[in-house]
Amino acid sequence: MRVIAGELRGRRLAAPDAAGVRPTGDRVREAMFDVLFSLGGVEGRRVLDLFAGSGALGIEALSRGAASATFVDRSAEVVAAVRRNLASVGLGGAESDGVATVVRATAESWIAGSAARFDIAFCDPPYDYEGWGALLAALPADLAVLESRRPVEVTDGWGVVRSRRYGGTLVTVIRAEPATTGAGARDPLPGAVPAVSGRAGHVHGGEP
């Protein structure tokens, strides 16, 4: 694996030797960031990389100008691999500088105990993950990129922006629907396109 674009372009990333880790391939990662670019990009954004694996998604975002990235995974081997990858691409001091945060925890328990909010969240759990409903109900982000094998049932409060299949991986981009009243109201990301409420609907088949 390598960093696709940005300041760290071409730097190599190593996948951790841990059960259940399925690194996002370069081609799929590039397609994901192309979609994000069309929605306003990642520059200056606060990014959350759940089920972090190699940390490739968060590191790619930092390379492209994200303000910060938080990496969360329950595996000690994965957390160590993320830190190694940060160091190998020249971001060894990112944690001490406040640019990166690396946390060993389950996604659900970390979200429950955190007051942080993010502009973009990447969610790439194992394909047999069954906790999408609870995760999305609590996910503290304005935009989320989901990787799955089958369509994800999107909970109330989210709208599907785009859904496309790349081989065996379905990538679904969803956006939090702004509250119309009260303290929870928020503005959509700049450049965002209208979302469609409900389940990931039309899925394009095959490679682009």
Exercise. Roughly what would the spin-label model give for Ala87 and Glu43, points 7 Å off Cα along C-beta, in nm?
Worked result: 3.2 nm
Problem set entry | Phi-based couplings in Hz for segment 172-177 (Karplus 6.51, -1.76, 1.60; Gly and Pro marked x) | 10, 9, 10, 10, 5, 7
Exercise. Taking amide H positions as placed 1.01 Å from N in the peptide plane, with prolines and chain starts having none, which residues 5 or more places from Val161, or on another chain, fall under 5 Å of its amide H?
Worked result: Val173, Ile174, Arg175, Val196
Exercise. HN-Hα J couplings of segment 86-97 from phi, Karplus 6.51/-1.76/1.60, θ = phi - 60°, integer Hz, Gly and Pro as x?
Worked result: 4, 5, 5, 9, x, 10, x, x, 5, 5, 5, 7
Exercise. What list of ³J(HN,Hα) couplings, whole Hz, do you get for segment 60-74 from phi and the Karplus terms 6.51, -1.76, 1.60, once you set θ to phi - 60° and write x for glycine and proline?
Worked result: 4, 5, 4, 4, 8, x, 4, 5, 7, 9, 10, 10, 10, 7, 7
Exercise. What residues qualify as long-range amide H neighbours of Thr101, i.e. H under 5 Å apart, gap of 5 or more or another chain, H built at 1.01 Å from N?
Worked result: Ala69, Thr70, Phe71
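Any idea what the dipole of segment 26-197 comes to, in debye rounded to 20, about its Cα centre with Lys/Arg Cβ at +1 and Asp/Glu Cβ at -1?
On the way: 17 positive and 21 negative charges, 35 e Å.
Dipole of segment 26-197, to the nearest 20 debye: 160 debye.
Every number here is computed from the coordinates shown, using simple stated rules; none is lab data. The structure displayed is predicted, hence computed values, not measured ones. Every residue, glycine as well, gets a Cβ built from its backbone with ideal geometry; the counts of neighbours run over all protein chains shown.
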